[in-house]
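Heads up, the thing below is written out as structure tokens.
The values are calculated or read from the model by the stated rules, or taken from the named source; none is laboratory data. If you're wondering where the values come from, they're calculated on a predicted model, not measured in any experiment. All Cβ positions, even for glycine, are placed from backbone atoms using ideal geometry, and neighbour counts span all protein chains on display.
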Amino acid sequence: MPLTFDQQIVLWQPFFTTVATVAATLVGLLFVSLSINREKIAAASNRVLLRLAERSFSDFIIVLLVALFFLIPAEGRRPLAFELLALAAFRLRRLVVLIMANFRGGRPTAVGGLLMEYLLPAFTILGLVASGIGIYQENILAVYYCTVPVIAILLVRASRNAWLLLIMESQ
């Protein structure tokens, strides 16, 4: 007899436990990096580093939240789908605010330019929406093809930014 969607999601829990642990650990390491370079990052003349710090922290928190949503016991597909869609809406709102601020000249584009600042976040929003819709429709492939790539992109982007924060000099 084939497994139900809820039974298949339970099989994913070790993966999401690992993801949550990794994200929480990396947030801790980000705080260490930020505290080592606090004066440099907080300097008014160096807003790009602050933008990198914000981006890294946000990405790690999104990964942590996604993992925690999947770990809620006996949650069911509908609440999980709505949580992912709500997270996508929150992320879209933040992206729109960032774009508006950049076009008004209020915030500099951080290292990585257009790809890191706008395109990858837009891709993760689309991935979260597709994942939420797929999960709502009981399609386990949404986890494979939508949720996992979103997590990978966010972890790579946030780790790269955290590394840049550690090694970059003031500009």
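A compact table of results
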| quantity | calculated |
| --- | --- |
| Whichever residue in region 117-162 is closer than 18 Å to A24 by Cβ and of a type outside the set (V, I, T) and, among such residues, is surrounded by the fewest Cβ atoms within 10 Å (Cβ to Cβ) | A152 |
| Selection within region 54-95 - part of a helix (DSSP H, G or I), acidic (D, E) and under 30 Å from Q8 (Cα atoms) | D59, E83 |
| Counted residues, region 5-40 - those being part of a helix (DSSP H, G or I), in contact (Cβ under 8 Å) with a residue 24 or more places away in the chain and over 19 Å from the mean Cα position of the chain (by Cα) | 6 |
| Cβ pairs under 6 Å, 6+ apart, first in region 115-128 and among the aliphatic types (A, V, I, L, M), second surrounded by fewer than 18 Cβ atoms within 10 Å (Cβ to Cβ) | L120/I153; I125/L92 |
| R51 vs. criteria over 26 Å from A130 (Cβ atoms), assigned to a helix (DSSP H, G or I) and among the basic types (K, R) | yes |
| Subset of region 63-78 [touching a residue at least 60 places away in the same chain (Cβ under 8 Å) and either of a type in the set (A, V, I, L, M) or more than 24 Å from L155 (Cα to Cα) (or both)] | V63, V66, A67, A74, G76, R77 |
| Check on I62, surrounded by fewer than 16 Cβ atoms within 10 Å (Cβ to Cβ) and of a type in the set (A, V, I, L, M, F, W, C) | no |
| Subset of region 56-71 (residues that are polar (S, T, N, Q) and under 18 Å from L92 (Cβ atoms)) | S58 |
| Residue within region 79-93 that is loosely packed, with under 15 Cβ neighbours inside 10 Å and at pLDDT below 95 present | no |
